[in-house]
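Peer 1: Mind having a look at this structure? Questions to follow.
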Amino acid sequence: MTTSRRKIDHINICLSESVESSYTGFEDVMFVHNPLPEVNYDDISLEVDFLGKKMRAPLLIASMTGGHPDTYKINKNLAIAVENAGIGMGVGSQRAGIEDESVVDTFSVVREYAPNAFIYANIGLPQIIEKGVEYAERAVEMIEADALAIHLNFLQEIVQPEGDRKAEGGFAAIREVSSELKVPVIVKETGAGISREVAFTVREAGVKAIDVGGKGGTSWSGVEVYRVEKGTMRDVAQDFWNWGIPTAFSIVDCHDILPVIATGGIRNGIDAAKAISLGAKIVSSALPFLRPATENPEEVERRIEYFTEGLRKSLFLTGCEHVYDLHRVHIFISGLLKEWIEFREFNLFEFTRRRFHDF
Ligand SMILES: Cc1cc2nc3c(=O)[nH]c(=O)nc-3n(C[C@H](O)[C@H](O)[C@H](O)COP(=O)(O)O)c2cc1C
């Protein structure tokens, strides 16, 4: 099975089947409604700086695709919408583009139609371990990227028959790329979350931001259940459907270590507000943008607006004028998330009042 063919299978499954896992952890966060907000709705600002680039809202469309001729249109529609909305996006794994010149345009179309937006490149850790810095540089050059995301998706790799299972040398590879590349490196999970321990490790390796890619949204073990033939592998993939660190837990874990991109089951503006209130700098979302991207840029823009409108209203109803005021609003945290915060030995009382870090 070629890399390019596999990408199309994944897209078709994500468009037609139910592929999400349960529980992001945002279920255990409640904003304390502010009935006397003392801000004017029209003065609310969602603008942020992220890794050196200004954005009109703290939202990225997460890495999805490129690498098969049919994905050209998807990336083009996403890019046009992202440029118009003043937000950012990632491309899918660029392995196919590096190995096959004929599909480079399915990635480079993004920079062509989003000349000013924050765009990040994307390569899997196994490719970086095997091919090193040169591979990473080619991915960045292909789309004139502002940053490179190295994705960690070992859960998916071990439940798909053709997966890459070599993880030894990962730290050294990330460190080498982080020190040699001209753009910042992001480490990115794809649905199983990043732990506090690994956040410390990748910071030491020189990484500049973490995309937590937590559990509660698209499950890659779930996607593989639809691809793998009936038998042991499929049964095991089914068992791992809900494996991972829920997104909210992972934000808590990483928020004071490196700037956090909150991804995994962010489905509306209230989820986005909760993610930022827990300490994230920016949020990102993949699956909700896939169907609109198969249609036209206007549908993608409508979906972006749905997120930003919900976020703006959440700010208003918590009395926040700027999006990062969310780091200081009081939040009520219950259930498993509360237990996790205590397990990680944060002071729960202080945590519910302030999640601010100056980076
Ligand atoms: C169709 C599709 C393809 C994806 N391809 C990639 C990829 O190539 N590289 C990557 O790092 N993540 C990939 N992802 C993972 C997303 O970037 C994201 O981490 C994950 O889907 C969780 O976010 P969500 O719950 O909002 O979908 C893909 C997601 C989808 C839905």
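Peer 1: Percent relative contact order of region 173-289, based on C-alpha pairs within less than 8 angstrom and at least six residues apart?
Peer 2: 27
Peer 1: Let me ask another. Along region 203-214, what does the Karplus equation 6.51 cos²θ - 1.76 cosθ + 1.60 (θ = phi - 60°) give for ³J(HN,Hα), rounded to whole Hz, x for Gly and Pro?
Peer 2: 4, 5, 6, x, 5, 9, 7, 10, 9, 5, x, x
Peer 1: If you split all Cα-Cα distances of the chain into 20 Å bins from zero, what percentages do you get per bin, shortest first?
Peer 2: Spelled out per bin, shortest first, that is 32, 60, 8.
Peer 1: Run the dipole for region 3-351 about the Cα centre, Lys and Arg Cβ at +1, Asp and Glu Cβ at -1, nothing else charged, and hand back the magnitude in debye, nearest 20.
Peer 2: 160
Peer 1: For the chain, what proportion of DSSP beta bridges, expressed in % and rounded to the nearest 5, is antiparallel?
Peer 2: Taking every DSSP beta bridge with both residues in the chain, the antiparallel ones total about 20 percent.
Peer 1: Moving on to the next point. Just want to confirm a number: the relative contact order over the chain, from Cα pairs under 8 angstrom separated by 6+ residues, in percent.
Peer 2: 22
Peer 1: Please label the shape of region 26-182 as rounded, prolate or oblate, based on the square roots a ≥ b ≥ c of the eigenvalues of the alpha-carbon gyration tensor (a/c under 1.5 means rounded; beyond that, a/b larger than b/c means prolate, else oblate).
Peer 2: Prolate.
Peer 1: Could you give the distance between the Cα centres of region 173-228 and region 287-359, to the whole Å?
Peer 2: Each part's Cα centre sits 20 Å from the other's.
Peer 1: Find how many whole Å separate the alpha carbon centroid of region 87-157 from the alpha carbon centroid of region 1-61.
Peer 2: Distance between centres, Cα-based: 20 Å.
Peer 1: Which residues in region 166-183 have a backbone N closer than 18 Å to a point placed 7 Å from the Cα of Glu144 along the Cα-to-Cβ line?
Peer 2: The answer is 182-183.
Peer 1: Then there's this: By the gyration tensor of its Cα atoms, with a ≥ b ≥ c the square roots of the eigenvalues, what is the shape of region 1-79: rounded for a/c under 1.5, prolate for a/b over b/c, or oblate?
Peer 2: Since a/c reaches 1.5 but b/c is at least a/b, the shape of region 1-79 is classed as oblate.
Peer 1: OK, next. Going down the list Lys7/Lys166; Lys131/Lys166; Lys188/Lys215; Lys208/Lys313, which pairs span over 23 Å between their C-alpha atoms?
Peer 2: Lys208/Lys313
Peer 1: First check a/c for region 52-102, with a ≥ b ≥ c the square roots of the eigenvalues of its C-alpha gyration tensor; if it is under 1.5, answer rounded, and if not, answer prolate when a/b is larger than b/c or oblate otherwise.
Peer 2: Taking the square roots of the gyration eigenvalues as a ≥ b ≥ c, region 52-102 is prolate.
Peer 1: Follow-up question, since we're still on this one. Charges only on Cβ, +1 for Lys and Arg, -1 for Asp and Glu: so what's the dipole of region 14-135 about the Cα centre, in debye to the nearest 20?
Peer 2: 280
Peer 1: Here's a follow-up. Grab the other residues whose beta carbon is less than 13 angstrom from that of Val104, score K and R as +1, D and E as -1, and report the net.
Peer 2: Cβ neighbours under 13 Å give a net charge of -4.
Peer 1: Extension gain Arg344-Arg234, at 0.36 nm per residue separation less the Cα-Cα distance, in nm?
Peer 2: This chain segment gains 36.2 nm when fully extended.
Every number in this text was worked out from the coordinates using simple rules, so none of it is lab data. Not measured: the values here are computed from a predicted model. Every residue, glycine as well, gets a Cβ built from its backbone with ideal geometry; the counts of neighbours run over all protein chains shown.
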